[in-house]
Amino acid sequence: MSFDGDTVSRYYSAVSSALPELRALVRTFPSALVGYSGGVDSALLAVVLRQELGRERLVAAAGRSASYPAAQWAAARAVADQFDVPVVELETRELDDPDYLANPTNRCFFCKTELWRRLLPEARARGLAVVCDGTNADDLREHRPGYAAGRAAGVRSPLAEVGLTKAHVRQGARELGLPVWDAPAAPCLSSRVAYGIPITTQRLAQVEQAEAYLRARGVTGDVRVRHHGDRASIEVEPRWIAWLTERLPAVRDRLGDLGFAVVEVDPRGYRRGSLLAGRAEQA
């Protein structure tokens, strides 16, 4: 995702009243554990919590499994180190859950249920009063079954509570100097596997390696390798479609080595929730 000067200016005016509200809210927390992926939402929340509560009353907890890209974890650690956010890494075992592996349209509910099953005891053991996540106000208008799991577990969403949209979050992160302020969204690797196709560690590795290859070739912004069994559908931002199409023979060779028999570039480009939309069209 790219941002021009006019867009940045609009973000500045939009966030001017929202970030102080976030600070005021989190100052009411005696202490907090935040579910931390390193994306811009959880990164902004973690940094604001660190600034308002101090190092001793906060921990950022990351759930690690094969569905979490190694590159994203490295970026998450870098942000935490830069802003002195204490981090704990916990293993999650959603890949042991047959409901998750079946990959239904509410797969994220089972993933987040497992995440909070691990993180809530960690918060209690550390004596941390509030458990929260990086859900923003825009997320509440989308297909987010994982949000229901958080609500059921008593997890709070401070960004959403004060009305911070994605635009607010990105500009707030830019104001604070977070290097991920304009980073593309990075949901878990399972989100690339077409609903109904079982989740396996092999498929997750195929997606991770395929996307890493495309980024190594120079593709930036939003990149998704959608896994449709033996077929890979590549979604990139419109500015990259022609570039990638010209290099498709080499891309097919590499992704073929990873196990994809068919490799295509989606001419419509990157679209949020395209797997869910495609399923609806087939219904």
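The values are calculated or read from the model by the stated rules, or taken from the named source; none is laboratory data. Since the structure is predicted, the reported quantities are computational estimates derived from the model, not experimental observations. Cβ placement follows ideal geometry from the backbone for every residue including glycine, while neighbour counts extend to all protein chains displayed.
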Count - residues of the range 231-266 that are among the polar types (S, T, N, Q) and over 13 Å from VAL219 (Cα atoms): 1
Residue within the range 180-196 that is surrounded by fewer than 22 Cβ atoms within 10 Å (Cβ to Cβ) and farther than 24 Å from CYS108 by Cα present: yes
Residues of the range 121-148 that turn out to be surrounded by fewer than 19 Cβ atoms within 10 Å (Cβ to Cβ), without any contact (Cβ under 8 Å) to a residue 60 or more places away in the chain and under 25 Å from ASN106 (Cβ atoms), as a count: 7
Selection from the range 224-264 of residues that are of a type in the set (A, V, I, L, M, F, W, C), part of a strand (DSSP E or B) and surrounded by fewer than 20 Cβ atoms within 10 Å (Cβ to Cβ): VAL262
Checklist (1) among the hydrophobic types (A, V, I, L, M, F, W, C); (2) at pLDDT 95 or above; (3) closer than 23 Å to VAL40 by Cβ; (4) touching a Phe, Trp or Tyr at 6+ places or on another chain (Cβ under 8 Å) applied to PHE110, failing item: (3)
Number of the exception - TRP181 against (1) outside the structural domain of LEU53 (by TED's automatic domain parsing); (2) more than 24 Å from GLN51 (Cβ to Cβ): (2)
Subset tally (residues that are assigned to a helix (DSSP H, G or I) and of a type in the set (Gly, Ala, Ser)) for the range 209-223: 3
Check on LEU214, among the aliphatic types (A, V, I, L, M) and either farther than 16 Å from LEU248 by Cβ or without any contact (Cβ under 8 Å) to a residue 24 or more places away in the chain (or both): no
